[in-house]
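Structure, as structure tokens:
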Amino acid sequence: MTEPTTVPDRAHGASGARVAAELRDAILAGHYAPGSRIRQEDLAEAYGASRLPVRDALRMLEAEGLVTLVANTGAWVAKLNPAECEELYQVRERLEPFLLSLNSPLLQEAQIDELGCLATAMEHTDDVERFLQLDREFHLSSYSVAETTMLQELTVRLWNRTQPYRRVYTRMFRAEGDHSVHYEHHLIVAALHRRDAEGAARLLSGHIRRTRLELARHPEVFDLV
């Protein structure tokens, strides 16, 4: 018979989840670069936790693809090579338009108006981190209405794994004066206002594809993160 979970076990679980959430945020914010070493003792000190919750947190993030654990060696922030990034974007290119098509009929006009405000805010910010935050909110909120078993969670994980490369790519397209990303955001919003789910999905597919092709065209991105 399975023994009931003890209070200390539950406390360790809650502490591990807290450390995982804080470390995830730090990785996504670029405080830990892909391939950088993560030392358990440093995390324990930084987040005020014992070694056990830290180990639990690292295992959680390993399951999400954000951390690589090597037995008897240590932990590193996961990194992608160009082929792996290409594959993740290929999945996103098919998954997210489908997810948007599920959400499109359920989005209220006020929610679509808010997407338009986010698109405009992205267009007018010069701060890359602010742009990344707004871009994430724009896309993930447009997928958040329809109830799904796993699609939303999978989408978030794919976004998280490609975040460092999207950051470098964003700096590049801004330096080149490329405004196409903004046009695409506004076109998606217009399609949603028209209740053209198929058109919005098609625009989103092209939007993700363009990023995938640009990353393939600039392999140096993977040396700059």
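The values are calculated or read from the model by the stated rules, or taken from the named source; none is laboratory data. All of these numbers come straight from a predicted model, not from anything done at the bench. Quick reminder, even Gly has a Cβ in these numbers, built from the backbone with ideal geometry, and neighbours come from all protein chains shown.
Listed here are the residues, each with its yes/no results for (1) within 30 Å of residue 60 (Cα to Cα); (2) surrounded by fewer than 16 Cβ atoms within 10 Å (Cβ to Cβ); (3) over 16 Å from the mean Cα position of the chain (by Cα).
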site: 164; (1), (2), (3): yes, no, no
site: 174; (1), (2), (3): no, yes, yes
site: 191; (1), (2), (3): no, no, yes
site: 195; (1), (2), (3): no, yes, yes
site: 201; (1), (2), (3): no, no, yes
site: 219; (1), (2), (3): yes, yes, yes
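Which one is surrounded by the most Cβ atoms within 10 Å (Cβ to Cβ), of the residues in the stretch 208-217 that are modelled with pLDDT under 95 and within 21 Å of residue 133 (Cα to Cα)?
Residue satisfying both the conditions and the ranking: 215.
Of the residues 153, 184, only one is in a helix (DSSP H, G or I), surrounded by fewer than 16 Cβ atoms within 10 Å (Cβ to Cβ) and of a type in the set (Asp, Glu); which?
On inspection, the qualifying residue turns out to be 153.
If you go through the stretch 146-160 one residue at a time, how many are touching a residue at least 24 places away in the same chain (Cβ under 8 Å) and either touching a Phe, Trp or Tyr at 6+ places or on another chain (Cβ under 9 Å) or charged (D, E, K, R) (or both)?
Matching residues across the stretch 146-160 total 5.
Pairs, please: C-beta under 7 Å, at least 6 apart or cross-chain, first residue assigned to a helix (DSSP H, G or I) and in the stretch 79-93, second at pLDDT 95 or above and of a type in the set (Gly, Ala, Ser)?
Short answer, once both residue conditions are applied: 93/205.
Modelled with pLDDT of 95 or more, in contact with a Cys (Cβ under 9 Å, 6 or more places away or on another chain) and either assigned to a helix (DSSP H, G or I) or surrounded by 14 or more Cβ atoms within 10 Å (Cβ to Cβ) (or both): is that true of residue 136 in this structure?
no
Would you check if residue 59 is part of a helix (DSSP H, G or I), farther than 30 Å from residue 176 by Cα and of a type in the set (Lys, Arg)?
yes
Looking only at the stretch 21-56, which residues are assigned to a loop (DSSP other than H, G, I, E, B), within 23 Å of the chain's Cα centre (by Cα) and not polar (S, T, N, Q)?
Listed by number, the residues that qualify are 29, 30, 31, 32, 33, 34, 35.
Go over the candidates 3, 45, 62 one by one and state the one that is among the acidic types (Asp, Glu) and modelled with pLDDT of 95 or more.
It is 62.
Among the residues of the stretch 97-117, how many are free of Cβ contacts under 8 Å to residues at least 40 places away in the same chain and of a type outside the set (S, T, N, Q)?
Going through the stretch 97-117 one residue at a time, the tally reaches 4.
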